């Protein structure tokens, strides 16, 4: 198990808190937390990814409960979304052991830029709910979103919550607040699914995961309360900022790999 100094540990705790807050509001906390995990001397990318899931599941669990108590997510969406997200995350975690991150980054970057531009150019999108599909189409749409984002989260992770939110808003027609609530439930399941693979294979560094997870949990609770108090417009603004930051971070990664 790697040893770290107090400054690095403090940075990990701060990153965990910030990631929990961002994840609870709109998703994308992995942008902060996963790179922070990579600061640990001697840690491998796969260990960082696995340990990040331990910390993230603690924050997403408290955020999901906080949102569910107030907003009561529609089970017709939540159930197929969550079940397929869990299955997708298990598949993605297996993929993570074979495919290098470099293969994903350029594609994710293009998608994020498109998502950010789409959100900015449609200022009313996500402010009010306008569901597009009903019945079987709605269930299939929710399951497809869960599976696709679940595979991505198991394989890589950063921006997962943001992907859930934008797809639930743009494809199914949810407003940002209920989409964020549903995203938290699904994100909990993707973390759980990934851990179902990573824990038995021994990739988790537990003491780092639990320490950062405690900070993530506090951040997740405060972030969920903030989002509930501020509403759809606030969540939309935070979403745009997080997507822009993630796009910048991935752009730097792509350029540095050339």
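Rule-based calculations on the coordinates, nothing more; no lab input. On a predicted model such as this, the values are computed, not experimentally measured, just so you know. Don't worry about glycine lacking a Cβ; one is built from the backbone with ideal geometry, like all the others, and counts go over all protein chains shown.
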Any idea how far apart residue 76 and residue 132 come out in nm if each label point goes 7 Å out from Cα toward Cβ?
-> 1.7
Contact order normalised by residue count of the stretch 20-87, Cα under 8 Å, 6+ apart, percent = 29
What's the Kirkwood radius of the stretch 131-193 in Å, using all Cα pairs?
-> 11.5
For the stretch 6-257, how big is the tail of P(r) above 29 Å, as a whole percent of Cα pairs?
-> 20
At 0.36 nm per residue, minus the direct Cα-Cα distance, what do residue 4 and residue 68 gain on full extension? Give it in nm, one decimal, please.
-> 19.3 nm
Please work out how much length the chain gains when fully extended from residue 201 to residue 14, using 0.36 nm per residue of separation minus the C-alpha to C-alpha distance, in nm with one decimal.
-> 64.5 nm
Among 207, 138, which comes first, second and so on when ranked by fewest other beta-carbon atoms within 10 Å?
-> 207, 138
Using 1/(1 + (r/R0)^6) with R0 = 25 angstrom and r between the beta carbons of residue 240 and residue 171, what's the FRET efficiency to the nearest 0.05?
-> 0.85
Would you order 197, 234, 67 from fewest to most other beta-carbon atoms within 10 Å of each residue's own beta-carbon?
-> 234, 197, 67
Order of 182, 167, 210 from fewest to most other C-beta atoms within 10 Å?
-> 210, 167, 182
